[in-house]
Amino acid sequence: MDRKIPDTLHVDAFQMRFADVAAVDLEQLHALSIAVGWPHRAEDWQYLRELGHGFVALDDIDRVMGSAMWFPHGEHFATLGMLITSPRLQTNGTAKWLMQRVLAECAGMSLRLNATRAARRLYRSLDFVAQRPVFQCQGMARKPAETEELQSGYEVRQLRASDLDAVIAFDGSGFAVSRPVHLTRLFESSLCYGLFRDEKLSAYSMSRAFGRGHVLGPVAALSVEEAIAVARPHVEAHAGHFLRVDTHFETGPFASFVQQCGLPIFDTVTTMTLGEGVDYGIAGEGRAVLFALASQSMG
Ligand SMILES: CC(C)(COP(=O)(O)OP(=O)(O)OC[C@H]1O[C@@H](n2cnc3c(N)ncnc32)[C@H](O)[C@@H]1OP(=O)(O)O)[C@@H](O)C(=O)NCCC(=O)NCCS
């Protein structure tokens, strides 16, 4: 560990110390995110703990007063998330202390995160650069309007385990790096569809239980029409229930589709990066674009 980061921090009457996020009671983590109005269930925290690493700030009597996590995607890149400080301790330096510890653990890696308004200044002070907004869209899903039939040669169907390698290869250009571990785990816990043209994947989508209902993401496709074609069956499956989509698209056909499905913009965060080559990929010949994120923490 970087010696410049103190092991303890005095905040008001509290003395805080670091502990591994994996070692604390799940219910304490759940209570922390509820305290800042986040929708995560205890199961969602557990899911994140299985995929990532992190620290919590514990006070003298072992209460969890803050958290910060990172999710490695290979050796050189990680996404950061779950940065929370208990409301009664905010603006006293706790988040900065946690972030400095996480940055020391991730030394040498390029990093990406999705920053809330409250956290943007902190990340800027740590040299993160704002790239683009993310629109958190959510609501009671409505069955989307019918559209034209798919062109001949195209088929939308549920993904099978044998499709996973193709999904991993397809996804990398949109996400910025290959993320086999996360996609495998998401695949196990999600409803997954693929769009195939002559048996070749040209879009995929996943949805899973999260927070107040379900989240639709990731969605990656070669074109917006194909993204909508693989998003549609999830909206149909969750019609009448709470659904969330995190997307970089505020306008255009994908954004219109999301709005028409009863999912207006609820909040906006900002994708920020530190290091080279880790922004989301841009559209290009044969390259997948990420239309919806798996989550704000995992990107
Ligand atoms: C964002 C959050 C983690 C900040 O925690 P914190 O412990 O108050 O942060 P710190 O005291 O370490 O402050 C770090 C910097 O952010 C600034 N800051 C803190 N809260 C702020 C706010 N609400 N608005 C603007 N700036 C803020 C501080 O002034 C400080 O800036 P400085 O280093 O230039 O002095 C906390 O407000 C929180 O948990 N919010 C809800 C969850 C959330 O949005 N998490 C971020 C996810 S990306």
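Summary of values
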quantity	calculated
Residue pairs meeting the criteria (Cβ under 9 Å; at least 6 apart or on separate chains; first surrounded by 14 or more Cβ atoms within 10 Å (Cβ to Cβ), in the stretch 31-46; second in a loop (DSSP other than H, G, I, E, B) and among the aromatic types (Phe, Trp, Tyr))	Leu32/Trp38
Among residues of the stretch 82-133, those that are surrounded by fewer than 17 Cβ atoms within 10 Å (Cβ to Cβ), more than 8 Å from the ligand (Cβ to nearest atom) and among the basic types (Lys, Arg), counted	3
Residue pairs meeting the criteria (Cβ under 7 Å; at least 6 apart or on separate chains; first farther than 24 Å from Ala209 by Cα, in the stretch 245-256; second of a type in the set (A, V, I, L, M))	Gly252/Val224; Pro253/Val224; Pro253/Ile228
Any hit, the stretch 28-45, residues being among the basic types (Lys, Arg) and within 22 Å of Arg244 (Cβ to Cβ)	yes
Cross-chain or 6+ apart pairs with Cβ under 6 Å, the stretch 192-221 first and without any contact (Cβ under 8 Å) to a residue 24 or more places away in the chain, then surrounded by fewer than 24 Cβ atoms within 10 Å (Cβ to Cβ)	Arg208/Ser189; Arg208/Ser190
Given (1) of a type outside the set (A, V, I, L, M, F, W, C); (2) within 29 Å of Ser178 (Cα to Cα); (3) near the ligand (Cβ under 9 Å from one of its atoms), index of the condition Glu50 fails	(3)
Answer residue from the stretch 156-209, given it is touching a Gly at 6+ places or on another chain (Cβ under 6 Å) and open to solvent by 60 Å² or more (accessible area, probe 1.4 Å) and is nearest to Gly74 (Cα to Cα) among those	Ser178
Residues within the stretch 1-30 that are without any contact (Cβ under 8 Å) to a residue 40 or more places away in the chain and of a type in the set (Asp, Glu), tallied	4
Selection count where residues are more than 26 Å from Ser110 (Cβ to Cβ), touching a Gly at 6+ places or on another chain (Cβ under 7 Å) and crowded, with 21+ Cβ neighbours inside 10 Å, scope the stretch 246-291	1
Filter pass, Asp59 being buried (at least 16 other Cβ atoms within 10 Å of the Cβ) and acidic (Asp, Glu)	yes
Options Gly262, Gly281; residue that is at pLDDT below 95 and either assigned to a loop (DSSP other than H, G, I, E, B) or not assigned by TED's automatic domain parsing to the domain that holds Trp70 (or both)	Gly281
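The values are calculated or read from the model by the stated rules, or taken from the named source; none is laboratory data. Keep in mind that what you see is a predicted model, and the values were worked out from it rather than measured. Because the Cβ atoms are built from the backbone with ideal geometry, glycine has one as well, and the counts that use them run over all protein chains shown. For the accessible areas, the whole protein counts, side chains as well, though only heavy atoms, and no ligand, DNA or RNA atoms are used. Shrake-Rupley method; radii C 1.70, N 1.55, O 1.52, S 1.80 Å.
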